[in-house]
Amino acid sequence: MPARELFNKPGPSLRDGGVGAMLQAAGLGLGQKPELLNLTDPQLIESIQARYAAAGSRVINSNTFGASAKKLADTGYTPEQIIPAAIACAKRAAAPYGALVALDVGPLGELLEPAGTLTLEAAVAEFARQIRAGAAAGADLVFLETFTDLYELKAALLAVKETCDLPVLASMSFEPSGRTFTGCTVESFAATARGLGADAVGFNCSLGPAEIFPLARRLAAAVPADYPIFVKPNAGLPRADGSGYDIGPQTFALQMKPYRTLGLFAAGGCCGTTPEFIGLLNKVFEGCAPGRPQAQQRPAQSVLCTPVSCVNVDGVTIVGERINPTGKKRFQQAIRDGDMDYVLAQAVAQADAGAAVLDVNVGVPGVDEPAAMEAAVRAIQSVCELPLQLDSTNPAALERGLRVYNGKPIVNSVNGEQAVLDAILPLCKKYGAAVVGLTLDEHGIPKQTQQRVAIARRIRDAALAAGIPPEDIYIDCLTLTASAQQEDVMETLKALRECKQTLGVRTVLGVSNISFGLPCRPFLNTAFFTLAMGAGLDLAIINPSSEEMMAAAAAFDVLSGRDRQSARYIARYADYVPAAAARPAAPGPAAPASGGAPGRGEYAPRLAAVQKGLRAATAAATRGLLQTKAPLQVVDEGLIPALDIVGDQYEKGRLFLPQLLQAAAAAQSAFEVIRTAVAESGGEQGGKGRIVLATVKGDVHDIGKNIVKVILENYGFDVTDLGRDVPPEQVVETVQRTGARLVGLSALMTTTLKSMEQTIALVHAKCPGCTVMVGGAVLTPSYAKAIGAEYYAKDAKQAADIAKAFYAGQGE
Amino acid sequence: MQGLLQGADIRRHLAGCSHAVLLAATLGPRADLAIRRAGVGDVARLAAADAAASALAEAAADAAEAALRQEFTARGLYLTGRYSPGYGDYPLAVQPLLCTLLDSARLLGVTVGPTNLLTPRKSITAVLGVSEQPVRGHRAGCAHCALRETCEYRKRGQTCAGEGIV
């Protein structure tokens, strides 16, 4: 039977059950690798698999759950040795019964970035080795199972799609909370795996049939009626005394009965189940057909997600517009400098303001946009759980962003131009993204509603032809500015209404453009936004920090009945005090920190604010000083003396780390004001010297390094921060590229001191004249010297002192 | 299980014990994200969030240890305090074996990286000795400790286990 027929044939196909316990019963020791048995005792493996085939399993898994190069590393075997042997065992067992053989692939046992250090591409490469070996050995399909990290599942699915044409089943393990260990929801799993081309999704392991059932019901509701789903539960829950699982074959069969209503295409067992369990399932599913009645299914939902946050675009959904450098010099400078902290601050502020999705645009002339897009997506996803809208017209930039994105994003945008559709729609299909189509083409934006709708239809049809589901197609009828094209405003709204009603698509608008060139923009924005919502707007790209706009959306939800009993509106506004009525924030007290030398004259408020760690007051004082003084003067005469006082008191034991850090954070806010001023004036910020910082290869403890970075920046140094787990070669490459003459390295563990030593040696060999300072808990001055470092800094204060003395000595 | 008993300090800690209990606890990867998020543009919040999360992870391990102690006390047995890789000379190199024996990846989502660090970051593994006689264990192992020369506790004449210097 060809494997794809599995998905259509009447009655669920039975899958096999647990193998681990049967192997242990046959003498496999704790901690021994079952995959080796494919070579050392193939008869044992084959006999277990044959029992499952005899019990009615139509699919037999190969004994390859942990057959990755990583997990086999200490066995002396490779995937290329183990996997063909394993497939051969399963084929021999399956052949007499006409069963299919699935290449079984489990997680790599290591967390991906940002939680761990494994990169997505390294994971894809690992999985690809296994899948190539399995496909070459004649596996009929691929079974990805027991995944708990959606990002790792994405890596595995990409590897399958890029390596072979076999059908692939994707299975994750959930906790009773309805999430995996990494926080992934059932709906995020369904949307992401389906988008990435899984032929079926399901659950295995961790729970018994009774516990998985409510999750399976959610899964069935999250996919189309004809999309295949399956389950392979454990034999109940583990017994507390460690003696196995708590239900037998009869109870298992009984607990599987409710699944008859879910239209499973396959069912089986996982840990603790045996051929006896599988045999009884035959009866349970007698007369059942896969698939769910179309009539019972809710209309397809338009979903955007990250693992932990699944946004159902049903009514007005707020997309934060602020990660966009257009017309913002400070933002453009940040992108040119690779300053992700600036981008992250925008992301966090918009998330806090209530955005549901964030638009990400990093297009700046002269910048490597594909690299910037990848960096931005990775950085934002490391601090923020909202889905992203990747905003670019550059297919290479979109692909880099789509590849590293964790979840199901939306691409903004394509338009009616055939070349654009041809370049971008296949990317959306491959990476499972929703897509925005702009109603313009090579001839520009049509004035008339009907012409815009015609382009929208063309885009919709092209997207459907590319395999993108209808619920993932969004149309942007384009907001034109009221000041320049007043007569077109209503055409946009007419076109929006028409697209929504006649094409069955979702709609998008960048709302704020309406008011460009007119005063009091929020008034116009709010009015237009309200009209657009009335016309059927789904995704509203706005500034979520504008309370007027957020209030308009909240009010619309009440008036349209979406916010039942006004619950959300009440929660948001019950205690609301309008801004005009609110008291102005109290200015920071000007009194000096206890024991500190008071600043004098015009710098006094600023000094006091830094010393006290008052972020808002420091920023305000800085803005005031910049009215009359040059940025560098403010740094030299205001900021640095204040930090010196704090540092001095810290050294004397009068202030402690929290105060030092708060002062540093206040100085950070001052620097942000200064950077903005410099960028707006188009000038270059005159730095005090370039320093490259890194936490060495193998070490991920970077909090100390991060503190050093902030303090060095506060003192006006240009810091290139390479992050953690940085290979020596990357440090050298960065030193050569930036021309830095001072490198700071950190390591927290004794085990990574060797890595620090290697990094120092390589820097000295490849970058003559470059000086290295080191720090970290286990280092001592003498050890630092022994491994070749020129300087040892016991804390961030000392690192700044060293840097100051170093660059002063260099004549800077 | 010889592989578990690396170094002098764990042997000293488990002296007089016939059995051992292994323990793992984690705050999960979303705690790591919360720490990173707290640190955006504010290094003070970063340090505070990181320290608070460490304290919370320790508290989770404390709770697990307390539950174990109650269970073993009820059976008339004694437990030492918990001992983790990285204490004294007990090397991080035992993490892969500890995690394999605990099946921590499957049961808890805790995995070991290439340099034997646990991920998610705020995770703890530990060994507790079991004995029929009252035992306390010896947590501090200053003699072999990597932080011996820079330790803030030692400068004050204390140890991280609340004992006098040994």
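The values are calculated or read from the model by the stated rules, or taken from the named source; none is laboratory data. Given the structure is predicted, the values throughout are model-derived calculations rather than measurements. Here Cβ is always computed from backbone atoms with ideal geometry, including for glycine, and neighbour counts include all displayed protein chains.
Residues in the stretch B:114-145 that are surrounded by fewer than 18 Cβ atoms within 10 Å (Cβ to Cβ) and within 14 Å of chain A (Cβ to nearest Cβ): B:Pro114, B:His144. The residue of the stretch B:1-38 that is nearest to B:Val135 (Cα to Cα), among those that are facing another protein chain (nearest Cβ under 7 Å) and either of a type outside the set (D, E, K, R) or not in a helix (DSSP H, G or I) (or both), is B:Gly28. Under the condition of being within 21 Å of A:Ala799 (Cα to Cα) and among the small types (Gly, Ala, Ser), which residue from the stretch A:671-714 is nearest to the other protein chains (Cβ to nearest Cβ)? Selected residue: A:Gly704.
Scanning the stretch A:317-346 for residues that are within 17 Å of the chain's Cα centre (by Cα) and within 14 Å of chain B (Cβ to nearest Cβ) turns up A:Ile323, A:Met340, A:Asp341, A:Val343, A:Leu344, A:Ala345, A:Gln346.
A search for C-beta distances below 6 Å between a residue of the stretch A:245-272 that is outside the structural domain of A:Pro228 (by TED's automatic domain parsing) and any residue that is of a type in the set (Phe, Trp, Tyr) and surrounded by 20 or more Cβ atoms within 10 Å (Cβ to Cβ), counting only pairs 6+ apart in sequence or on different chains, returns nothing. Summed over the stretch A:123-157, the residues that are assigned to a helix (DSSP H, G or I), among the small types (Gly, Ala, Ser), in contact (Cβ under 8 Å) with a residue 40 or more places away in the chain and in contact with a strand residue (DSSP E or B) (Cβ under 9 Å, 6 or more places away or on another chain) give a count of 4.
Within the stretch B:46-79, restricting attention to residues that are touching a residue at least 12 places away in the same chain (Cβ under 8 Å) and in contact with a helix residue (DSSP H, G or I) (Cβ under 6 Å, 6 or more places away or on another chain), the residue that is nearest to B:Ser123 (Cα to Cα) is B:Ala53. Put simply, of A:Leu111, A:Leu103 the only residue that is among the aliphatic types (A, V, I, L, M) and at pLDDT 95 or above is A:Leu103. Residue count for the stretch A:612-637, restricted to those that are of a type outside the set (A, V, I, L, M, F, W, C), crowded, with 23+ Cβ neighbours inside 10 Å and either over 16 Å from B:Asp42 (Cβ atoms) or away from chain B (no Cβ under 14 Å) (or both): 1.
Among the criteria (1) crowded, with 22+ Cβ neighbours inside 10 Å; (2) more than 14 Å from chain B (Cβ to nearest Cβ), the one A:Cys184 does not fulfil is (2).
Within the stretch A:89-111, being buried (at least 24 other Cβ atoms within 10 Å of the Cβ), under 34 Å from the mean Cα position of the chain (by Cα) and either on the phi > 0 side of the Ramachandran plot or outside any loop (DSSP other than H, G, I, E, B) (or both) holds for A:Val101, A:Ala102, A:Leu103, A:Asp104, A:Val105. For the stretch A:221-261, a tally of residues being assigned to a helix (DSSP H, G or I) and either more than 31 Å from the chain's Cα centre (by Cα) or surrounded by 21 or more Cβ atoms within 10 Å (Cβ to Cβ) (or both) returns 14. Every test in (1) exposed (fewer than 14 other Cβ atoms within 10 Å of the Cβ); (2) more than 10 Å from every other protein chain (Cβ to nearest Cβ); (3) at pLDDT below 90 is passed by B:Ala74 save one, and that test is (3).
A:Val308 meets the stated requirement of being crowded, with 19+ Cβ neighbours inside 10 Å, within 14 Å of chain B (Cβ to nearest Cβ) and farther than 24 Å from A:Ser512 by Cα. Residues of the stretch A:317-342 that are β-branched (Val, Ile, Thr) and modelled with pLDDT of 95 or more: A:Thr317, A:Ile318, A:Val319, A:Ile323. Just the residues that are within 20 Å of A:Ala73 (Cβ to Cβ) and either out of contact with any Asp or Glu (no Cβ under 6 Å at 6 or more places or on another chain) or not small (Gly, Ala, Ser) (or both), please, taken from the stretch A:124-145. Those that are within 20 Å of A:Ala73 (Cβ to Cβ) and either out of contact with any Asp or Glu (no Cβ under 6 Å at 6 or more places or on another chain) or not small (Gly, Ala, Ser) (or both): A:Val124, A:Ala125, A:Glu126, A:Phe127, A:Ala128, A:Arg129, A:Gln130, A:Ile131, A:Arg132, A:Gly134. From the list A:Lys154, A:Lys161, which residue is at pLDDT 95 or above, of a type in the set (Lys, Arg), in contact with a Gly (Cβ under 7 Å, 6 or more places away or on another chain) and not assigned by TED's automatic domain parsing to the domain that holds A:Leu427? Among A:Lys154, A:Lys161, only A:Lys161 is at pLDDT 95 or above, of a type in the set (Lys, Arg), in contact with a Gly (Cβ under 7 Å, 6 or more places away or on another chain) and not assigned by TED's automatic domain parsing to the domain that holds A:Leu427.
Note on the stretch A:350-373: residues that are part of a helix (DSSP H, G or I), over 25 Å from A:Val313 (Cβ atoms) and of a type in the set (Asp, Glu) total 1.
Annotation note: Cβ proximity below 7 Å between a residue of the stretch A:769-781 that is within 14 Å of chain B (Cβ to nearest Cβ) and touching a residue at least 24 places away in the same chain (Cβ under 8 Å) and a residue that is assigned to a loop (DSSP other than H, G, I, E, B) and among the hydroxyl-bearing types (Ser, Thr, Tyr) (sequence gap 6+ or interchain) occurs for A:Ala777/B:Thr150.
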